[in-house]
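Q: Take a look at this one; I'll ask things after.
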Amino acid sequence: MTQSTPSAVNVTDLDESVSNVRFEDYDLDALDLGGGVWVNWTPPEPLEGTKYYSIQLVWDQTFDYRSVISEVSVGERHYEIPVDTYLGTFPYMYVYTKSSLLEQTTPVGILISDTAPEITNIQFSDQDGMLLLIGVGRQYSY
């Protein structure tokens, strides 16, 4: 049956994205993040429908493979990444806005640079003259 008198409803579509996502990794282990560092962002203006921010590691920009690090309430502008958070093979970090119903489909993110330095050419010179004992006169160089 077809309605003879159509009716209408106003629909408001909001686009509330964070901006200026920043992150520096000070954890020196390969494939780990954290170590007293923060992911920071600028909240959307005006803020109307967003209730939470979801910080996620993302495999690629199809957003099919993701790992949620945390969700924080509106009012926060940063989140401290816990020490030894496993990065795995996720190259991106995104901050999604979430309403009470849905998660954003076009989040804002960054490419992660995972720092993992190696120390090479370590030398130790033991000068105490006793086998199996490390004593005074130690000299380290690297």
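Q: Report yes if some residue within segment 112-120 is among the acidic types (Asp, Glu) and part of a strand (DSSP E or B); otherwise report no.
A: First, pick out the residues of segment 112-120 that are among the acidic types (Asp, Glu): 114, 118.
From what is left, the residues that are part of a strand (DSSP E or B) are none.
No, segment 112-120 contains no residue that is among the acidic types (Asp, Glu) and part of a strand (DSSP E or B).
Q: How many residues does segment 38-48 hold that are touching a residue at least 24 places away in the same chain (Cβ under 8 Å) and surrounded by fewer than 17 Cβ atoms within 10 Å (Cβ to Cβ)? Lay out the reasoning, then the answer.
A: Step one: list which residues in segment 38-48 are touching a residue at least 24 places away in the same chain (Cβ under 8 Å), which gives 38-44, 47-48.
Then keep just the ones that are surrounded by fewer than 17 Cβ atoms within 10 Å (Cβ to Cβ); that gives 38, 40, 42, 47-48.
The total comes to 5.
Q: Let me ask something additional. In segment 1-29, which residue that is touching a residue at least 24 places away in the same chain (Cβ under 8 Å) and within 15 Å of the chain's Cα centre (by Cα) is nearest to Gly75 (Cα to Cα)?
A: Checking each candidate, the answer is Val18.
Q: Moving to a separate point now. Could you tell me which of the residues Ser54, Ser73, Ser67 is in contact with a Gly (Cβ under 9 Å, 6 or more places away or on another chain), of a type in the set (Ser, Thr, Tyr) and outside any loop (DSSP other than H, G, I, E, B)?
A: Numbers: Ser54 fails: in contact with a Gly (Cβ under 9 Å, 6 or more places away or on another chain); Ser73 fails: in contact with a Gly (Cβ under 9 Å, 6 or more places away or on another chain).
When all the criteria are applied, what remains is Ser67.
Q: Condition first: out of contact with any Asp or Glu (no Cβ under 8 Å at 6 or more places or on another chain), within 17 Å of Val21 (Cβ to Cβ) and not in a strand (DSSP E or B). Can you find one or more residues in segment 79-89 that meet it?
A: no
Q: Mind listing whichever residues of segment 68-89 are under 10 Å from the mean Cα position of the chain (by Cα) and free of Cβ contacts under 8 Å to residues at least 40 places away in the same chain?
A: Scanning segment 68-89 gives Val68, Ile69, Ser70.
Q: Counting only residues that are within 17 Å of Leu31 (Cβ to Cβ) and out of contact with any strand residue (DSSP E or B) (no Cβ under 6 Å at 6 or more places or on another chain), which one in segment 49-71 is surrounded by the fewest Cβ atoms within 10 Å (Cβ to Cβ)?
A: Tyr65
Q: Mind checking which residues of segment 95-111 are in contact (Cβ under 8 Å) with a residue 40 or more places away in the chain and not in a loop (DSSP other than H, G, I, E, B)?
A: Val95, Tyr96, Thr97, Lys98, Glu103, Val108, Gly109, Ile110
Q: If you don't mind, another one. Asp27: in contact with a Gly (Cβ under 8 Å, 6 or more places away or on another chain) and of a type in the set (Asp, Glu), yes or no?
A: Working: in contact with a Gly (Cβ under 8 Å, 6 or more places away or on another chain): yes; of a type in the set (Asp, Glu): yes.
Against the criterion (in contact with a Gly (Cβ under 8 Å, 6 or more places away or on another chain) and of a type in the set (Asp, Glu)), Asp27 qualifies.
Q: If Leu31 satisfies every condition in (1) more than 27 Å from Leu87 (Cβ to Cβ); (2) in contact with a strand residue (DSSP E or B) (Cβ under 7 Å, 6 or more places away or on another chain); (3) aliphatic (A, V, I, L, M) but one, which is the exception?
A: Against the list (1) more than 27 Å from Leu87 (Cβ to Cβ); (2) in contact with a strand residue (DSSP E or B) (Cβ under 7 Å, 6 or more places away or on another chain); (3) aliphatic (A, V, I, L, M), Leu31 comes up short only on (1).
Since every read-out is calculated from the coordinates, none of them should be taken as a lab result. Owing to the predicted nature of the structure, the values given are computational and were not obtained by experimental measurement. Cβ atoms come from the backbone with ideal geometry, glycine included; neighbour counts cover every protein chain shown.
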